[in-house]
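Note sheet for the following structure.
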Amino acid sequence: MAAEEKFTPQTWPASPEQATLEGKNKFLGFWFFLGGETVLFASLFATYLALKDSVPSDSHAKAADLFELPLVFLMTMLLLTSSLTSVFAMYHMKNYNFKKMQQWLFITVALGLGFLACEIYEFIHYYHAYEHTFTSSAFGSAFYTLVGFHGGHVIFGLGWIITLMIRNAKRGLNLYNAPKFYLASLYWHFIDVVWVFIFTVVYLMGMVG
Amino acid sequence: MANLQPNSNNPKVDYEYRRKKSAEEMRMQVVTFTLMIFFTVIAFAAVGAGFSKWFIIPFVLLLAVVQVAFQLYYFMHMSHKGHEAPQLFMWSGVIVAFLTILAFLTIIWW
């Protein structure tokens with residue numbers, strides 16, 4: 001099967017992301033990368049847990065003073081829903097429905113941007129209301145490194161998906177770009193996996209001490 | 001219709017079988033999503049209700065682990081065939097992740 005071959009829904013393979021050798025290699029390589037990302041985030045979580053609430057004096061805000069659950073809940077819902085919409089996008093990709101895939105990816109990106117806006121608001125709020133900054137304490141450094149690194153992944157994921165959508169807008173689906181869309185959606189799911197632990201370990205456990 | 005198999009050498013039958021299979025899977029994904037939302041709401045509610053932290057911490061961690069398993073095995077299709085290597089990679093990552101967190105929590109400040 002040539003990568004540039006034109007398909008119909010009937011001739012489109014069942015697993016288009018792995019129908020070519022390049023697709024298979026990308027699939028394997030990307031999962032290997034995600035295994036490495038797991039370790040990377042584990043080291044950031046470990047650092048955060050070790051340095052949580054380590055502030056130089058009582059005038060510095062601790063986790064339970066900073067966090068507000070309604071905002072975190074909203075962010076969680078946005079990211080969790082965007083994970084489902086990217087599942088929808090891949091459902092249409094497997095059915096060779098390019099237009100619907102693009103529509104669902106667009107919704108995914110919109111939800112991701114909503115999440116990002118909340119996070120930027122959150123950081124600005126901590127700075128103005130509590131003077132909680134990257135350099136204010138060990139707790140601040142560990143917090144912004146962990147949550148900021150996740151936010152950085154969100155930015156990268158959004159950039160990736162938007163680039164794929166624009167680059168392939170007039171091309172339609174083929175076996176060359178199907179693995180690209182599939183991997184971008186895996187990356188997006190992984191961002192949600194990390195967020196589940198962030199809202200649990202950082203925010204929920206932070207509120208109870 | 002129950003004994004329809006893929007690769008029946010009839011392209012039309014294969015196509016319809018596949019459409020049906022993926023529509024079924026999509027319904028499962030929506031159920032998974034509903035459960036994930038449910039777990040999230042329970043976790044936030046448990047903290048909001050102000051139970052003892054000795055209950056809340058293991059409880060929300062358990063919910064997080066279940067939710068992540070859903071995400072990996074259903075949303076990211078790790079339950080599908082041909083995902084042996086991804087399972088090896090992810091589980092190796094999880095073991096190292098666990099050791100790292102355990103080490104940092106026990107060595108630092110003790």
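The values are calculated or read from the model by the stated rules, or taken from the named source; none is laboratory data. What you see is a predicted model, and the numbers here were worked out from it, not measured in a lab. Backbone-built Cβ (ideal geometry, glycine too); neighbour counts: all protein chains shown.
Listing for the model above:
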| item | result |
| --- | --- |
| Residue tally, condition more than 7 Å from every other protein chain (Cβ to nearest Cβ) and surrounded by fewer than 20 Cβ atoms within 10 Å (Cβ to Cβ), over the stretch A:10-19 | 4 |
| Checklist (1) more than 7 Å from chain A (Cβ to nearest Cβ); (2) out of contact with any helix residue (DSSP H, G or I) (no Cβ under 9 Å at 6 or more places or on another chain) applied to B:V30, failing item | (2) |
| Some residue of the stretch A:8-21 being assigned to a helix (DSSP H, G or I), of a type outside the set (S, T, N, Q) and in contact with a Pro (Cβ under 9 Å, 6 or more places away or on another chain) | yes |
| Positions within the stretch A:19-48 being more than 19 Å from the chain's Cα centre (by Cα) and among the β-branched types (V, I, T), in sequence order | A:T20, A:T47 |
| Candidates B:V60, B:V31 - the one that is closer than 30 Å to A:P70 by Cα and surrounded by fewer than 14 Cβ atoms within 10 Å (Cβ to Cβ) | B:V31 |
| Those helices (runs of 4 or more DSSP H) lying entirely in the stretch A:37-150 with at least 3 residues among the hydroxyl-bearing types (S, T, Y) | A:69-94, A:98-130 |
| Residue in the stretch A:142-152 that is of a type outside the set (A, V, I, L, M) and touching a His at 6+ places or on another chain (Cβ under 9 Å) present | yes |
| Per-region count, the stretch A:20-33, residues among the hydrophobic types (A, V, I, L, M, F, W, C) and either more than 9 Å from chain B (Cβ to nearest Cβ) or touching a Leu at 6+ places or on another chain (Cβ under 7 Å) (or both) | 2 |
| Top-ranked residue of the stretch B:94-110 - restricted to ones that are of a type in the set (F, W, Y) and assigned to a loop (DSSP other than H, G, I, E, B), ranked as surrounded by the fewest Cβ atoms within 10 Å (Cβ to Cβ) | B:W110 |
| Residues of the stretch A:50-85 that turn out to be within 7 Å of another protein chain (Cβ to nearest Cβ) and modelled with pLDDT of 95 or more, as a count | 5 |
| Selection count where residues are of a type in the set (A, V, I, L, M) and either within 10 Å of the chain's Cα centre (by Cα) or more than 7 Å from chain A (Cβ to nearest Cβ) (or both), scope the stretch B:75-87 | 2 |
| Count - residues of the stretch A:86-110 that are at the interface with another protein chain (Cβ under 10 Å from one of its Cβ atoms), of a type in the set (S, T, Y) and within 23 Å of A:H153 (Cβ to Cβ) | 1 |
| Residue in the stretch A:163-175 that is in contact (Cβ under 8 Å) with a residue 40 or more places away in the chain, under 26 Å from B:V68 (Cα atoms) and either of a type in the set (V, I, T) or crowded, with 20+ Cβ neighbours inside 10 Å (or both) present | no |
| Cβ pairs under 7 Å, 6+ apart, first in the stretch B:81-103 and farther than 14 Å from A:L40 by Cβ, second assigned to a loop (DSSP other than H, G, I, E, B) | B:H83/B:H77; B:P86/B:M78; B:Q87/B:M78 |
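For every residue, the table says whether it meets (1) within 9 Å of chain A (Cβ to nearest Cβ); (2) in contact with a strand residue (DSSP E or B) (Cβ under 8 Å, 6 or more places away or on another chain); (3) more than 25 Å from A:M77 (Cβ to Cβ); (4) part of a helix (DSSP H, G or I).
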{"position": "B:S22", "(1), (2), (3), (4)": "yes, no, yes, yes"}
{"position": "B:T34", "(1), (2), (3), (4)": "no, no, no, yes"}
{"position": "B:A43", "(1), (2), (3), (4)": "yes, no, no, yes"}
{"position": "B:A46", "(1), (2), (3), (4)": "yes, no, no, yes"}
{"position": "B:F51", "(1), (2), (3), (4)": "yes, no, no, no"}
{"position": "B:L63", "(1), (2), (3), (4)": "yes, no, no, yes"}
{"position": "B:Y73", "(1), (2), (3), (4)": "no, no, no, yes"}
{"position": "B:F89", "(1), (2), (3), (4)": "yes, no, yes, yes"}
{"position": "B:S92", "(1), (2), (3), (4)": "yes, no, yes, yes"}
